[in-house]
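Below: the structure, in structure tokens.
The values are calculated or read from the model by the stated rules, or taken from the named source; none is laboratory data. What you see is a predicted model; the values in this text were computed from it and never measured. Cβ atoms come from the backbone with ideal geometry, glycine included; neighbour counts cover every protein chain shown. These accessible areas exclude ligands, DNA and RNA; they are computed on the full protein's heavy atoms, side chains included. Shrake-Rupley method; radii C 1.70, N 1.55, O 1.52, S 1.80 Å.
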Amino acid sequence: MVSLAAERISVVRTDRRLLDSVSFATGESGSIAIIGPNGAGKSTLLKVLAGLETPTEGTVTLAGEPLAGMPAARRSDAIGYVPQHFNPHWDIRVRDLMRISLERARLENNIQATLQLTLARHGLEAFRDRWWSTLSGGERSRVLLAMVVATDPPVLLADEPSASLDPRCRLDLIARIADHGRTGVCVVVMHDIDLAFRFFDRIVMMNGGRIVADGSADSLFEPSLLDDMFGVRFARSRQEDLRFISAGWPLRSDGKSP
Amino acid sequence: MRYWLTLLAFVLAAIGIGACAGHTWVTPAAVLRAILGGASIESALLFEWRLPRVIAAALVGALLGLGGAVFQGVFRNPLAEPYLLGSAGGAALGATIALLVPLAVSQAFSLPVLAFAGAWGATLLVIGVSRAAGALDVPTLLLSGVAVSAVLGALRSFLMLALSDETVSLQVVLSWVLGGMQTPTWIGVGGLAIVTAVALAACLALASGLDKLGLGETMATAFGMDVGRFVALAVLVGSATVAASVTVGGLVGFVGLAAPHIARWRLGPLHRSVIPASAAIGAGLVALADAIARSALPPAEIPLGLVTAVAGGPFFLFLLARSRKKW
């Protein structure tokens, strides 16, 4: 079990301050959703945590060790990253994609067996010989997730993994990713506010390059922080221990709904 | 497995045809006799002249196939081919200097050395320019390659104009630039074979990195790759491979572009298959092209680069039209 921590991270790119002295720590396990309006800096924070972007100021540590000097192979063993956009350049079979991912784990002799197991775990055996170009959006996101978690990284970071998926696929994918938080850490940047409050233990709200709120899903469910941040009146309800939230009307500039 | 056997058969058949072809065609039986140490003059000629040349042509093709596979893997561009990063311009400039400038050493030595130095040196220059421009990413490398190639081409043209006179013919330079095999000794063939084997091993070592790069630079970095360093290393290995082929065969175009596509079309994109398959396909293609070069217009010999361009281009278009988008 490892934890990721960011300390006073700032990212400045061509005069724009994308992140402003953001501090954030994951803990050793748990599922965390990062939500916020477009341009809040969510994806940038995730990339900095993944070691894919170098912050202008501040440090990221993985299990207490700075990410900056860490060998890339060790970093990639610990952190799995699901990008927002993924399209392999050459058309490729699912089994070959899985093979490329599993090669990192250096299990030279056992690759076939592990490949089969991984496909089975994600219900992808039927897709083994399918070409990427023939997969639907939902199938592609399942394959991408399977690729990233094939080597069992303790930390899973995902950037809007359910963008452009139908409701069933969205639910399935987010549930699978959030499940990772039971044995490890998962941090997901997402726009699905409803799924964030339903499946994740901890919610981080970002706006204007800063963290505006950080707490348990329960504690952040009712307050109108969410409404103010998005400029939308949210409708909330609870059923057993499920939290349901959905966007209602846009707020007028005087704070009242139309 | 079946595909690999077909490939092997293709390469052997191409070499066989090459051995039979020439401005005097011989039968496969005669070739066999020559290999088995026949005593006739025909066997001696075949063994000392034609066979080493055909095998050297195949090895040059293998090197081009290897370089092409690495370049396409690094640049993820279906038009990427070995001469992209100044290798052709640099090699041609080196050869022009060797052929036109009176140097203290013999041309037999200076030509291959300067061609190799030119090809590889040009690539190092392109990497240096890209570093100075701030990034070792693909677009910067490509743009630097175009700029450096243009400058080298201009330098070569200037040298050709300034140094040519009645005693030195530009034809000499042109015929090198258009590509063509000299006849090596068996020792030369052995040396080239070792170089090819080393190039194959080096390119295969890049296979896993090239696979990751094919997933995009973000994913490759997330999978633990230092993209900038890997790209520079791969470009150097690819260019050295191409420089070696240029040293022996001059500028032979199209093969480095087509061979990896044909390999990928049947085998999928994993580089541990594409790289050796591309080498084999390149070997067969150049052996066949050399056969055509020697036998199409006897007793003259068509420059090899012209054969590969003229015969290969339409063939590749035909393949393109047939295949789906599975490069």
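Heavy atoms only, probe 1.4 Å: what % of the accessible area of the protein assembly as shown goes to carbon and sulfur, would you let me know?
Numbers: 15910 of 26020 Å².
The nonpolar share, carbon plus sulfur, comes to 61 percent.
Classify chain B as rounded, prolate or oblate from the Cα gyration tensor: take a ≥ b ≥ c as the square roots of its eigenvalues, call it rounded if a/c is under 1.5, otherwise prolate when a/b beats b/c and oblate if not.
Numbers: a/c = 1.95, a/b = 1.20, b/c = 1.63.
Cα axes put chain B in the oblate bin.
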Query raised in the report: For chain B, what are the DSSP H helices with axial Cα length of 30 Å or more and mean Kyte-Doolittle hydropathy of at least 1.0?
Result: B:51-75, B:107-133, B:138-163, B:227-249
Report summary line: Ranked by GNM mean-square fluctuation in chain B (Cα springs under 10 Å), the top entry among B:Thr140, B:Thr221, B:Thr96 is B:Thr221
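What total accessible surface area, summed over both chains, is buried at the interface between chains A and B, computed with a 1.4 Å probe and given in Å² to the nearest 100? Don't skip to the answer; put the middle values down first.
Numbers: alone 12870 and 15290 Å², together 26020 Å².
By this definition, chains A and B bury close to 2100 Å².
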Query raised in the report: With all pairs of different alpha carbon atoms counted, what Kirkwood hydrodynamic radius in Å does the protein assembly as shown show?
Result: 27.1 Å
Query raised in the report: Summing -39500 (n - 2.57) over the DSSP H runs of n ≥ 4 in chain B and dividing by its residue number, what mean residue ellipticity at 222 nm do you reach, to the nearest 500 deg cm²/dmol?
Result: -25000 deg cm²/dmol
Query raised in the report: Rounded to the nearest 5, what is the percent of antiparallel bridges among the DSSP beta bridges in the protein assembly as shown?
Result: 60 percent
Requested in this report: With N set to the residue count of segment B:134-284, report its C-alpha Rg divided by 2.2 N^0.38 Å to two decimal places.
Outcome: 1.25
**Report entry** Cα→Cβ-extended label distance, 7 Å offset, between A:Ser237 and B:Ala197, nm
**Finding:** 7.6 nm
Report summary line: Expected max-MSF residue from B:Trp25, B:Trp49, B:Trp265 in the GNM of chain B (alpha carbon, under 10 Å) is B:Trp25
Query - With DNA, RNA and ligands ignored, accessible area of B:Arg156 (1.4 Å probe; Å², nearest 10) - result: 50 Å²
Report summary line: Per the C-alpha gyration tensor (a ≥ b ≥ c, the square roots of its eigenvalues), segment A:50-209 is rounded if a/c is under 1.5, else prolate if a/b beats b/c, else oblate; here it's oblate
Query raised in the report: Roughly how much of B:Thr308 is accessible, in Å² to the nearest 10, using a 1.4 Å probe?
Result: 10 Å²
Requested in this report: Output the residues of segment B:204-240 meeting this criterion: accessible area (heavy atoms, 1.4 Å probe) in the chain alone minus accessible area with all protein chains in place is 40 Å² or greater.
Outcome: B:Gly214, B:Leu215, B:Thr218, B:Met219, B:Thr221, B:Ala222, B:Phe223, B:Gly224
Requested in this report: Run the quick spin-label model on B:Phe158 and A:Ser216: label points 7 Å from Cα toward the beta carbon, then report their separation in nm to one decimal.
Outcome: 7.6 nm
Requested in this report: Identify which of B:Phe71, B:Phe230, B:Phe315 has the largest mean-square fluctuation in a Gaussian network model of chain B, with springs joining Cα atoms closer than 10 Å.
Outcome: B:Phe315
**Report entry** Euclidean distance of C-alpha centroids, segment B:1-72 and segment B:169-245, integer Å
**Finding:** 22 Å
